[in-house]
1. Please compute the modelled spin-label separation between R73 and R246, points set 7 Å along Cα→Cβ, answer in nm with one decimal.
2. Going highest first, how would you order 424-436, 376-388 by mean Cβ packing within 10 Å?
3. Could you sort the peptides 477-484, 182-189 by per-residue average Cβ neighbour count (10 Å cutoff), highest mean leading?
4. Along the charge dipole of the chain, which of L467, V231, V511 sits closest to the positive end, that is, farthest toward it, with unit charges on the beta carbon of Lys, Arg, Asp and Glu (+1, +1, -1, -1)?
5. Looking at V240, G298, S109, which one has the Cα that reaches farthest to the positive end of the dipole of the chain (charges on Cβ: Lys, Arg +1; Asp, Glu -1)?
6. For helix 470-485, report the angle its Cα long axis makes with the longest principal axis of the Cα atoms of the chain; keep it between 0 and 90° and round to the nearest 10°.
7. Rounded, prolate or oblate: which fits segment 188-485, taking a ≥ b ≥ c as square roots of the Cα gyration tensor eigenvalues, rounded meaning a/c under 1.5, else prolate when a/b beats b/c?
8. Among M502, M566, M195, which comes first, second and so on when ranked by fewest other beta-carbon atoms within 10 Å?
Amino acid sequence: MARGWAEVLLAGLATCVVACADADASEGDGDGEAAPAAPVVAPVVASRCAAGVPVAACAAPGLRICAPGDRDRIGEWRFALISEPFDPDASIARTALEAAWRAGEIAASDDTAAALVTALGPRPAAARLDGRPAPSRARRAIVPADQLDPRWSVIPVDHAHPLIDRDGPLVVPLCGPATTAVRNIDPDRLTTLVMSGTTALTGRTAERIDTAGVADTVRFIRPFFASADLVHVSNEVAFVRDCHPRLGQKELHFCSRESYVGVLDALHASIIELTGSHLVDHSAQALVRTIDTYERRGWRWFGGGRTQLDATTPRVIEHHGNRLAFVGCNAVNWWVGAISAGPGVAHCDWPRMIWQIQDLRRRGYLPIATVQHRELRTHAPAPDLVRDLRHLAEAGAIFVLGSQAHVAHPWDVHAGAYVHYGPGNILFAQYREPQREASVDKLYIHAGRLLTVAHIYTRTEHGQPRLLDDRERARFLGQLADAAAAIAPPAPDAVPVIPPEMRERPDSLVVRGRSQPLRVTVPLRADASARHALVVGEGAADADAFVATRTGDEIIATDAEIARFMIAKYPVDPARVTLPSISRPVSRARHRHRHTHPAHRARR
């Protein structure tokens with residue numbers, strides 16, 4: 001987490017003048033603009049650099065802002081125009097930016113203003129920024145790009161994003177005799193990740209693919225996806241041989257033709273979420289064949305799998321030094337018929353999910369959590385959806401997504417995490433008007449920190465998503481802003497408390513369509529290269545063995561079933577398993593929820 005503003009000011013006073021040998025991890029400029037995580041601080045004398053060079057950029061004598069024709073460019077310092085979260089402007093023209101800057105409508109620190117004089121001209125002293133920015137559409141601000149906060153929206157200039165496009169008015173080129181690059185955003189430490197909502201290649205979407213082809217179906221959204229380093233798609237329907245995708249639309253029994261995987265290819269998909277409630281509509285083997293299709297392409301999947309162990313295992317990806325970990329689950333519960341011990345989707349065992357996220361943070365990963373939650377027909381997320389997703393943010397996730405939404409929900413920042421309660425349908429053509437508009441997120445992660453999230457906004461027509469025009473985007477974002485204002489306020493500055501690793505951890509196994517919660521105690525002197533004894537039972541204790549104890553009020557799994565689960569997941573020696581007396585599972589007849597819960601009847 002980034003340090004508080006007061007802490008940064010005290011650090012600045014302690015070192016008198018702040019600079020950074022590794023400029024992309026540099027300290028703030030001392031006026032309270034922002035505070036990047038884990039800065040590398042090197043005290044220097046600011047006068048060594050020419051006027052206008054940001055204090056944090058002054059890493060070598062003679063550094064200056066490049067003039068036209070200079071050939072000794074050594075780097076650049078990037079800045080960003082920020083606004084309120086639901087600002088509808090997709091971009092601002094450079095001329096409009098310059099006019100607003102000179103009129104004092106854009107705030108900035110003195111250090112930032114000095115760096116931008118050449119590009120934007122002088123601005124009134126009244127526009128000085130002396131504290132944490134609270135930008136609005138009427139009074140935006142400019143901050144160094146490495147000090148961005150995900151609660152702000154970034155407004156591109158002439159459609160150029162300040163973090164990735166080479167030059168523009170908010171990219172200050174630096175020249176001088178430095179021997180290493182001087183920059184606050186290092187492209188070799190930047191990862192862009194697209195996170196999208198519901199994809200169900202069936203019904204009218206399938207008809208569009210069949211009649212117009214893959215390229216036409218995705219032509220409006222493809223550039224946004226293809227420009228990212230990593231692309232996540234929540235594909236909620238399996239690929240099925242001899243599929244007739246139009247037939248399942250009214251029956252809620254979906255499938256996709258095997259050739260439709262070309263849609264995911266066209267979007268440059270690389271990470272597939274499998275938390276969808278319809279993945280086993282045409283048998284568990286259809287899901288297995290679908291996973292085989294992804295595996296042949298080298299794609300990763302999470303939130304579902306060939307077994308529950310596969311489904312609940314975090315998928316880790318390292319890109320440009322950013323260590324990402326994906327976890328997902330289905331919270332709609334057992335009546336959807338998608339959760340089983342064999343091929344199926346991951347069950348939302350909240351204690352286990354929270355432990356996994358905390359454990360990933362302890363190991364230096366950036367957790368990204370997705371949940372297939374309760375579906376609604378309004379833009380406002382339900383209180384239980386808000387509560388559950390925020391709990392994952394409080395555990396240490398940097399981004400939390402509600403994958404279930406067919407009607408788009410808003411987003412906010414809670415405990416430092418960007419929480420999007422539901423982006424809506426991106427490739428699923430539904431008939432109700434609120435289900436036709438959606439958003440897609442693009443995360444900008446730099447040096448282990450989520451800096452900002454960009455969006456595209458779409459409307460599906462005849463099975464094809466297109467981009468919203470200016471008027472539509474303003475109306476849509478206004479609806480999301482109203483929905484965000486109606487939910488409990490988030491706590492963006494709350495800091496997740498990651499407890500130290502302990503011997504006990506929550507876990508669970510799925511048997512006969514139900515989940516048995518467990519408390520697992522690891523050996524006191526666990527050896528990753530060895531296999532240990534296992535003890536199953538209440539009140540058991542053994543410092544040199546794994547101990548699995550049921551939690552909750554019911555006995556769902558037998559001791560033997562628990563033992564088989566523990567042997568499959570943990571380094572347990574099958575020859576050293578101790579079981580207590582025989583236990584009986586509860587009769588399944590007492591728990592027949594399938595297809596009877598109101599949430600299932602209200603689906604789609």
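Values quoted throughout were computed directly from the atomic coordinates according to the rules given, and no laboratory measurement underlies them. What you see is a predicted model; the values in this text were computed from it and never measured. Note: ideal-geometry Cβ built from the backbone for every residue, glycine included; neighbour counts use all protein chains shown.
1. 5.5 nm
2. Packing order, densest peptide first, comes out as 424-436, 376-388.
3. Highest to lowest by the protection proxy: 182-189, 477-484.
4. Of the listed residues, the answer is V511.
5. Positive-end residue among those listed: V240.
6. 70 degrees
7. Working: a/c = 1.34, a/b = 1.12, b/c = 1.20.
Here segment 188-485 falls in the rounded category.
8. Values: M502 9, M566 23, M195 26.
Ordered from fewest to most neighbouring Cβ atoms within 10 Å, M502, M566, M195 come out as M502, M566, M195.
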